[in-house]
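Reading through the structure tokens given below for one structure.
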Amino acid sequence: MEPVNTPSNPEVSVVIPVFNEAECVAEVVEEVADELERSLGRAFEILVVDDGSSDQTAQIVLGLAERRATVRVLRHSRNVGQSFAFHTGFRNARGAVIVTLDGDGQNVPADIPAVVSALGPSCDCCCGYRAVRKDTIWKRLGSRLANGVRNAVLGETIRDTGCSVKAFKAEFVRELQPWNGMHRFFGSLVEMRGGRIGQVEVRHRSRRAGISKYSNWGRLKRTVFDLIAVRWLKSRSRVYGVEVLK
């Protein structure tokens with residue numbers, strides 16, 4: 001059977017931010033492309049956003065793009081952070097649906113069809129949650145505590161805000177104004193724009209190579225201030241329709 005994909009007119013855009021992932025980026029992107037060709041059933045593109053890597057990450061992905069028409073490569077002039085890398089992907093995505101993944105191989109590409117299929121009249125953003133995590137006990141405990149505090153402060157029920165496996169209707173994220181740390185609050189930002197949230201269980205794997213680029217303590221210090229700011233924004237946001245009378 002011929003692949004359904006037509007790269008010039010994708011329905012689904014998969015955004016993968018990477019920073020110094022030369023050891024595993026080729027395997028990750030190849031697996032995503034192979035899985036989507038096999039199981040998605042829709043035209044897709046993969047946008048790899050290199051966030052100013054100092055290793056050979058960009059060159060490796062460029063080599064893949066030469067062989068795979070579905071792969072596109074965007075590169076920041078310097079390292080500015082994961083939130084801005086996602087934003088670059090959102091602004092350059094051509095699909096009506098945007099999917100996000102991490103670039104370290106811990107997410108399972110076979111879960112993409114499930115989060116995409118969850119979108120519909122009652123779901124504008126589907127957040128994956130990792131029921132079984134392949135992380136250290138300290139990272140798991142830290143994440144559980146952070147999710148509990150975050151949901152209590154924001155009045156939400158998102159089970160795993162740190163999971164990057166998400167699918168969005170593109171109109172809810174393409175025009176977001178970027179700020180450092182916003183990727184931890186994508187669900188909140190979608191709700192503030194009138195969107196509805198769904199959740200789907202996804203799988204999780206051990207990191208394939210390299211090391212994590214953040215620690216729980218480093219992330220906590222940044223997130224506390226962001227959490228206060230997002231609560232303030234949510235308390236002042238309004239969702240409403242406009243009827244054109246003449």
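Screening F86, F19 for residues that are modelled with pLDDT of 95 or more, buried (at least 24 other Cβ atoms within 10 Å of the Cβ) and under 20 Å from G181 (Cα atoms) leaves exactly one candidate, F86. Give me the pairs: first residue in segment 147-168 and at positive phi, second residue at pLDDT below 95 and in a helix (DSSP H, G or I), beta-carbon distance under 7 Å, and six or more apart or on different chains, which are they? Filtered contacts from segment 147-168: no entries.
Given the condition among the small types (G, A, S), out of contact with any Cys (no Cβ under 9 Å at 6 or more places or on another chain), farther than 26 Å from A131 by Cα and in a helix (DSSP H, G or I), answer yes or no: does some residue in segment 54-64 qualify?
The answer is yes, given that some residue of segment 54-64 is among the small types (G, A, S), out of contact with any Cys (no Cβ under 9 Å at 6 or more places or on another chain), farther than 26 Å from A131 by Cα and in a helix (DSSP H, G or I).
Taking residues in segment 188-217 that are small (G, A, S) and modelled with pLDDT of 95 or more, and partners anywhere that are surrounded by 15 or more Cβ atoms within 10 Å (Cβ to Cβ) and not in a loop (DSSP other than H, G, I, E, B), the pairs with Cβ atoms closer than 7 Å and at least 6 places apart or on different chains are S188/L154; S188/V230; S188/K234; G195/C125; G195/F172; G198/A118; G198/C123; G198/C126.
Entry remark, segment 117-148: residues being at pLDDT 90 or above, hydrophobic (A, V, I, L, M, F, W, C) and closer than 25 Å to L233 by Cβ number 5 in total. The strands (runs of 3 or more DSSP E) falling completely within segment 96-172 that include 1 or more residues that are among the small types (G, A, S) and crowded, with 20+ Cβ neighbours inside 10 Å map to 125-130, 166-169. Of note, W232 does not satisfy the criterion of being at pLDDT below 90, aromatic (F, W, Y) and surrounded by fewer than 19 Cβ atoms within 10 Å (Cβ to Cβ). Of all residues in segment 122-146, those satisfying the criterion of being under 28 Å from R196 (Cβ atoms) and basic (K, R) are R130, R133, R144. Would you mind stating whether D124 is in contact with a helix residue (DSSP H, G or I) (Cβ under 9 Å, 6 or more places away or on another chain) and within 23 Å of E35 (Cβ to Cβ)? For D124, the condition - in contact with a helix residue (DSSP H, G or I) (Cβ under 9 Å, 6 or more places away or on another chain) and within 23 Å of E35 (Cβ to Cβ) - is not met. Among the residues making up segment 33-44, those that are surrounded by fewer than 24 Cβ atoms within 10 Å (Cβ to Cβ) and outside any helix (DSSP H, G or I) are L40, G41, R42, A43.
Summed over segment 173-202, residues that are outside any loop (DSSP other than H, G, I, E, B) and either farther than 20 Å from V153 by Cα or not aromatic (F, W, Y) (or both) total 15.
The values are calculated or read from the model by the stated rules, or taken from the named source; none is laboratory data. Just so you know, these numbers come straight off a predicted model, no measurement behind them. Cβ atoms come from the backbone with ideal geometry, glycine included; neighbour counts cover every protein chain shown.
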